[in-house]
Amino acid sequence: MSVIRDPELDRLLADLHARSDAQVAAMRSYEAERTQNAHPPAEEEVRAFRSDKLVALDRDKAEFCYQLCRANNARRIVEAGTSYGVSTLYLAAAVRDNVQATGGSGVVIGTEYEPNKARAARAHFEQAALNGFIDLREGDLRNTLRQISGPVDFMLVDIWIPMARPALELVTPHLRPGAIVVCDNIEQYRNEYADYFAFLETSGFRTMTLPFDGGLELSVRCRVPAVQAN
């Protein structure tokens, strides 16, 4: 049984996940060749290959994020790496359901570098009638995430690995104590995420890797005790 209790949204998500699953084999084949190649392609070539791929966050991970956002009554969410907006729909549904349950307002701030993906994502948001809960910013996240008003309750990091730490660095000052950060495929690419882990270690987070496919890092922003003067 899906955690999404919106039949039309659930049907849209099922279709998007099916499209994503159809492209996973091609992505895995490309990744295998890239890692085994004595002369791997440059990052720009990798980025070009991925630019038109609809590869969504796995459904169980997306539903887990929805549950976390419902549990902490998330009202302001940041997503680094919107892509075609599949995971964004789960986050926006959580915000909508929180607002309907207890009133107030909320928003998911998404950011996407590829214009074609941003256009497709906006179409999906409108189709799901969730566009009113989403602020999608197009461009380099090092610019798009500079302006965030108010405390952030939840952050999803599912983006090109070199951008994971810059995204978290920009959002961390806005994370409220107890805010949750989830990052995908941490175990699969643990060495590549070394600088991300280094930032977590020195910035007041408590973190653990959950046993989802590829690994899912769940980090909690903890309040740093004030240093008492001698």
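The values are calculated or read from the model by the stated rules, or taken from the named source; none is laboratory data. Small disclaimer: the values here were computed from a predicted structure and weren't measured. Quick reminder, even Gly has a Cβ in these numbers, built from the backbone with ideal geometry, and neighbours come from all protein chains shown. With ligands, DNA and RNA removed, areas are computed over all heavy atoms of the protein, side chains included. Shrake-Rupley method; radii C 1.70, N 1.55, O 1.52, S 1.80 Å.
At-a-glance table
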item: Sequence-distant residues sharing a close amide H with residue 109 (under 5 Å, placed H); result: 77, 78, 79, 135
item: Label-point gap, in nm, between residue 63 and residue 19 - each point 7 angstrom along Cα→Cβ; result: 2.2 nm
item: Listed residue (64, 20, 95) projecting farthest to the positive dipole end of segment 1-131, Cβ model; result: 95
item: Amide H contacts under 5 Å for residue 210, placed H, 5+ residues apart; result: 216, 217, 218
item: Segments 204-216, 122-134, 28-40 sorted - mean Cβ within 10 Å per residue, highest first; result: 122-134, 204-216, 28-40
item: Whole-Å semi-axes of the ellipsoid equivalent to segment 96-214 (Cα gyration tensor, √5λ, descending); result: 25, 18, 15
item: Ranked by how many other beta carbons lie within 10 Å on average, peptides 182-189, 159-166 from highest; result: 182-189, 159-166
item: Whole-number accessible area per residue in Å² for the chain, which is evaluated in the context of all protein chains at 1.4 Å; result: 50 Å²
item: Ranked order, 156, 218 - accessible area, probe 1.4 Å, largest first; result: 218, 156
item: Alpha carbon centroid spacing (whole Å) that separates segment 127-176 from segment 54-85; result: 12 Å
item: Helix runs (DSSP H) in the chain reaching 15 Å along axis by Cα, Kyte-Doolittle at least -0.5; result: 86-102
item: Per-peptide average of other Cβ atoms within 10 Å, ordering 72-82, 86-96 highest first; result: 86-96, 72-82
item: Ellipsoid semi-axes in whole angstrom, largest first, where each is sqrt(5λ) of the Cα gyration tensor of the chain; result: 26, 24, 16
item: Magnitude of the charge dipole, the chain, Cβ model with Lys/Arg +1 and Asp/Glu -1, debye to 20; result: 700 debye
item: For the chain, calculated [θ]222 nm from helices alone, where every DSSP H run of n ≥ 4 adds -39500 (n - 2.57); result: -14000 deg cm²/dmol
item: Orientation-averaged projected area, Cα convex hull of segment 162-212 (nm²); result: 3.6 nm²
